[in-house]
Amino acid sequence: LGERQFVLTSTIDGVTMQVAKTGLNLGYGEMIIGTVYGNLSNDIKTYPLGTIANDVITFPANSLFIQDNDGAAPASKNPTKLYLSIDVYKASLTAE
């Protein structure tokens, strides 16, 4: 898939992700991902921002979208975690 860059912005209000190419193409164009708020909508109550704690960014349900040439898929219905280091990710596996 090659090297990809994801731009995350953390403010006092929460964490957002700029639209980014994933490198994944399932035949409908390259998929992109980002936070709904700030990219597709300004409704922060429906599409909340992520939070960051202990080197883990957690995006709550309805905060992320994925899109291909057919358009944006519904926002995620489950929380999504981004681990900021491999060590934090490995520690999460043993904690479960």
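Throughout, read-outs are computed from the coordinates displayed, never taken from laboratory work. Predicted model only: the values in this text are computed from it and were never measured. Cβ atoms come from the backbone with ideal geometry, glycine included; neighbour counts cover every protein chain shown.
At a glance:
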read-out: Residues Leu24 and Asn54, FRET efficiency given R0 of 22 Å [Cβ-Cβ distance, rounded to 0.05]; value: 0.20
read-out: Cross-link reach list, aspartates and glutamates versus Lys45, counting only Cα pairs under 20 Å and skipping chain neighbours closer than eight places; value: Asp13
read-out: Candidates Ile57, Ile33, Ile86, ranked by Gaussian network fluctuation over the chain, Cα under 10 Å, top entry; value: Ile86
read-out: Correct choice for Cα Rg over 2.2 N^0.38 Å that was computed from the model, options (i) 1.25; (ii) 1.11; (iii) 1.37; value: (ii)
read-out: Spatially proximal lysines relative to Lys90 (Cα-Cα < 16 Å; intrachain offsets below 8 disregarded); value: Lys81
read-out: Spatial separation of Cα centroids for the range 1-48 and the range 57-94, in angstrom; value: 10 Å
read-out: With at most 11 other Cβ atoms within 10 Å, longest stretch of the chain clear of loop trypsin sites (Lys or Arg not before Pro) (DSSP); value: 5-44
read-out: Added length on full extension, which subtracts the Cα-Cα distance from 0.36 nm per residue, Ile86 to Phe6; value: 27.2 nm
read-out: Whole-Hz ³J(HN,Hα) from phi, Karplus 6.51 cos²θ - 1.76 cosθ + 1.60, for the range 54-67, glycine and proline x; value: 6, 6, 10, 9, 10, 9, x, 3, 6, 9, 10, 10, 10, 9
read-out: FRET efficiency, Ala72 to Ala95 (Cβ-Cβ, R0 22 Å, nearest 0.05); value: 0.10
read-out: Estimated inter-spin distance, Ile44 and Asp13, nm [label 7 Å along Cα→Cβ]; value: 0.4 nm
read-out: Within the range 23-96, chymotrypsin sites (Phe, Trp or Tyr not before Pro) in DSSP loop having at most 13 other beta-carbon neighbours inside 10 Å; value: Tyr28
read-out: Fluctuation leader among Thr35, Thr11, Thr22 - the chain, Gaussian network, Cα springs under 10 angstrom; value: Thr11
